[in-house]
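The values are calculated or read from the model by the stated rules, or taken from the named source; none is laboratory data. Quick caveat: nothing in here was measured; it's all calculated off a predicted structure. Ideal geometry is used to build each Cβ from the backbone, glycine not excepted, and the neighbour counts take in all protein chains shown. Accessible surface areas use protein heavy atoms only, side chains included; no ligands, DNA or RNA. Shrake-Rupley method; radii C 1.70, N 1.55, O 1.52, S 1.80 Å.
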Amino acid sequence: MGDTSSGDAAFAATQLLTRQHRLARIQRVAARAAISNPRIAGLATGVTITDNGASLPATTPQGYLFNVAIPGVWTTCGGKPVTIGGKNLFYSSVISTTGGNAGSSDGKQVNSWRAFVMVNSRYFAARLVPTTAPYRFLVDGKYVSLAGTVLGTTTGSTSQYVLLDFGTRALRQVTIEGNATCGLSGAYVENTGKVFPIDTSDDVRLAFLGDSYVGGSSATVLHDAVVPVMADWLGAKALASGSGGTGWNQSNATVYRFDQRIANGDLGLDTVAPDLICLMASVNDRSRDSAVVQANALAGLQAARGLYPTTPIVVFGCMPIPLGPLTGTPSLTSTEQAVQSAVATFNDSLCKFVPVTLDTGGAWVTGSGAIGAETGTGNADWMFVADKVHPGDEGCALLGKRYALAALAALSQMQA
């Protein structure tokens, strides 16, 4: 047999180079996002939005349809494109063999997504799926409206058209943002206009798998939830693979646990493989057996590494909700410790744990209050809605940015 040591060394060097390039790209893109991202860029001006109902505007006859199998000019993030009941939706997790909110009762869960194109036209008409959730539009990285547009027709499968009038013809990046069961069928421009793909050479893709924090429960608009906010601060395109009530050892046996969803492929439901994977300890495990939490978290980490050998993984601790830590064992504290122990046992140089409840700088949430039930004892007064479990809009904004900063710190440790 020949000497394989030189081949092994070359492979190891290639792996190291791939790892360093990815970490450097994530940090480079995040540095730009810290200066300008949709959360701080202000609103776009000079754009008029009109709901044209089921009629294609006369000003935009030239179409660029979206096909779930062949996206064409479109770049998307937030889930796997799928056609359900004649509607193109984006599912971000499979929570069980049945149920889900995508309308097919096959376990598909949809949260939030974005679709990106470059547009050289005065007029741009988005062809959209009827739903009660708002659509939002960004022009060159700025929201046109934070409230978004709720279609006049909210039911059925007949495409609806929303016209954006920019006032002048110029080259712009247009982003369509969908929440919940919003769906995309394509867009149209004037005959002399042009639509083509955005540059993705410096893209960073984030896949965050978790519970209702990741899914966006209690955010007024799902794309203002924790993970989309985090992604904007990282300059990343996000898959928020969230499923309410789930964890590493949650009591709801009818839905998949985190480790099961990882093994089932939920981290890969976006159109591009992740550059960064984020996982979490869940408050849903606070009254469950910590030993099982640890074992399942370790199994999930091993499954993730098997799927993505060179992708960094950041694991966040348990959010100290105003209801806890609960008395007895286990609790929020021991739940976080169990997941931290799983990371330690995993012993992977591209995986770091970020304490939250047990942060040495102090727990991320303090006090026992909530919005409308303030106690003056901590930041929970304005972070959490009345259930004292889920963050409201201001809480999502804070936690999203804090997750982003903590993830960057963890990535710096990996690079070192």
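Do the conditions hold for THR50, that is, is it of a type in the set (Val, Ile, Thr) and either open to solvent by less than 30 Å² (accessible area, probe 1.4 Å) or assigned to a loop (DSSP other than H, G, I, E, B) (or both)?
On the way: of a type in the set (Val, Ile, Thr): yes; either open to solvent by less than 30 Å² (accessible area, probe 1.4 Å) or assigned to a loop (DSSP other than H, G, I, E, B) (or both): no.
No: the conditions fail for THR50.
Scan the stretch 104-148 for residues that are in a strand (DSSP E or B) and small (Gly, Ala, Ser) and jot them down. Can you show your working first?
So in the stretch 104-148, the residues in a strand (DSSP E or B) come out as 106, 108-109, 112-120, 123-128, 135-139, 142-143.
SER112, ALA115, ALA125, ALA126, listed by residue number.
Would you mind telling me which numbered condition in (1) farther than 25 Å from ALA253 by Cβ; (2) touching a Pro at 6+ places or on another chain (Cβ under 7 Å) SER331 fails?
SER331 satisfies every listed condition except (1).
Scanning the stretch 357-403 for residues that are touching an Asp or Glu at 6+ places or on another chain (Cβ under 7 Å) and either aromatic (Phe, Trp, Tyr) or farther than 12 Å from SER218 by Cβ (or both), which turns out surrounded by the most Cβ atoms within 10 Å (Cβ to Cβ)?
Only one residue tops the list, namely THR357.
Against the definition (in a loop (DSSP other than H, G, I, E, B) and open to solvent by less than 20 Å² (accessible area, probe 1.4 Å)), how does LEU151 come out, yes or no?
Working: in a loop (DSSP other than H, G, I, E, B): yes; open to solvent by less than 20 Å² (accessible area, probe 1.4 Å): yes.
So LEU151 fits the description; yes.
Would you check if there is a residue in the stretch 319-329 being touching a strand residue (DSSP E or B) at 6+ places or on another chain (Cβ under 8 Å) and small (Gly, Ala, Ser)?
no
SER55 passes all but one of (1) in a loop (DSSP other than H, G, I, E, B); (2) within 20 Å of LEU276 (Cβ to Cβ); which number fails?
Against the list (1) in a loop (DSSP other than H, G, I, E, B); (2) within 20 Å of LEU276 (Cβ to Cβ), SER55 comes up short only on (2).
Can THR97 be described as among the hydroxyl-bearing types (Ser, Thr, Tyr) and either in contact (Cβ under 8 Å) with a residue 12 or more places away in the chain or touching a helix residue (DSSP H, G or I) at 6+ places or on another chain (Cβ under 8 Å) (or both)? Walk me through how you get there before you give the answer.
Numbers: among the hydroxyl-bearing types (Ser, Thr, Tyr): yes; either in contact (Cβ under 8 Å) with a residue 12 or more places away in the chain or touching a helix residue (DSSP H, G or I) at 6+ places or on another chain (Cβ under 8 Å) (or both): no.
It is false that THR97 is among the hydroxyl-bearing types (Ser, Thr, Tyr) and either in contact (Cβ under 8 Å) with a residue 12 or more places away in the chain or touching a helix residue (DSSP H, G or I) at 6+ places or on another chain (Cβ under 8 Å) (or both).
Hey, among the residues in the stretch 276-298 that are touching a Gly at 6+ places or on another chain (Cβ under 9 Å) and among the β-branched types (Val, Ile, Thr), which one's surrounded by the most Cβ atoms within 10 Å (Cβ to Cβ)?
Among residues in the stretch 276-298 that are touching a Gly at 6+ places or on another chain (Cβ under 9 Å) and among the β-branched types (Val, Ile, Thr), the one surrounded by the most Cβ atoms within 10 Å (Cβ to Cβ) is VAL293.
Kindly indicate whether SER349 is open to solvent by 10 Å² or more (accessible area, probe 1.4 Å), closer than 16 Å to VAL283 by Cα and in contact (Cβ under 8 Å) with a residue 12 or more places away in the chain. Write out each step before concluding.
On the way: open to solvent by 10 Å² or more (accessible area, probe 1.4 Å): yes; closer than 16 Å to VAL283 by Cα: no; in contact (Cβ under 8 Å) with a residue 12 or more places away in the chain: yes.
In short, no.
Of these, PRO130, PRO57, PRO61, which one is surrounded by 16 or more Cβ atoms within 10 Å (Cβ to Cβ) and in contact (Cβ under 8 Å) with a residue 60 or more places away in the chain? Full working, then the answer.
Numbers: PRO130 fails: in contact (Cβ under 8 Å) with a residue 60 or more places away in the chain; PRO61 fails: surrounded by 16 or more Cβ atoms within 10 Å (Cβ to Cβ).
The match here is PRO57.
Of all residues in the stretch 174-201, which are assigned to a strand (DSSP E or B), open to solvent by 10 Å² or more (accessible area, probe 1.4 Å) and over 15 Å from THR76 (Cα atoms)? Quick ask: steps written out before the conclusion?
Quick first cut of the stretch 174-201, residues assigned to a strand (DSSP E or B) only: 174-179, 184-189, 194-196.
Next cut, open to solvent by 10 Å² or more (accessible area, probe 1.4 Å) only: 185, 188, 194, 196.
TYR188, LYS194 - these are the residues of the stretch 174-201 that are assigned to a strand (DSSP E or B), open to solvent by 10 Å² or more (accessible area, probe 1.4 Å) and over 15 Å from THR76 (Cα atoms).
Return the pair list, or none, for Cβ contacts closer than 9 Å from residues in the stretch 288-306 that are over 14 Å from SER341 (Cβ atoms) to residues that are among the polar types (S, T, N, Q) and part of a helix (DSSP H, G or I), at least 6 apart or on different chains.
Listed pairs, sorted by first residue: ARG288/THR335.
Can you tell me how many residues in the stretch 221-275 are open to solvent by less than 40 Å² (accessible area, probe 1.4 Å), farther than 16 Å from ASP203 by Cβ and not in a helix (DSSP H, G or I)?
Number satisfying all stated conditions: 15.
Run down ALA344, ALA406, ALA416 and say which single residue is on the phi < 0 side of the Ramachandran plot and open to solvent by less than 30 Å² (accessible area, probe 1.4 Å). Step through it out loud before you land on a result.
Details: ALA344 fails: open to solvent by less than 30 Å² (accessible area, probe 1.4 Å); ALA416 fails: open to solvent by less than 30 Å² (accessible area, probe 1.4 Å).
It is ALA406.
Out of the residues in the stretch 154-172 that are of a type in the set (S, T, N, Q) and touching a Gly at 6+ places or on another chain (Cβ under 7 Å), state the one that is most open to solvent (accessible area, probe 1.4 Å).
Our first condition is that a residue be of a type in the set (S, T, N, Q); within the stretch 154-172, this holds for 154-155, 157-160, 168.
With touching a Gly at 6+ places or on another chain (Cβ under 7 Å) added as a condition, the list becomes 157, 160.
On the way: SER157: 70, GLN160: 5 Å².
Only one residue tops the list, namely SER157.
Are any residues in the stretch 211-240 modelled with pLDDT of 95 or more and on the phi > 0 side of the Ramachandran plot, and if so, which ones?
Answer for the stretch 211-240, where residues must be modelled with pLDDT of 95 or more and on the phi > 0 side of the Ramachandran plot: just GLY235.
State whether the residues of the stretch 21-37 include one that is under 30 Å from TYR403 (Cβ atoms), open to solvent by less than 50 Å² (accessible area, probe 1.4 Å) and in a loop (DSSP other than H, G, I, E, B).
Yes: the stretch 21-37 contains one or more residues that are under 30 Å from TYR403 (Cβ atoms), open to solvent by less than 50 Å² (accessible area, probe 1.4 Å) and in a loop (DSSP other than H, G, I, E, B).
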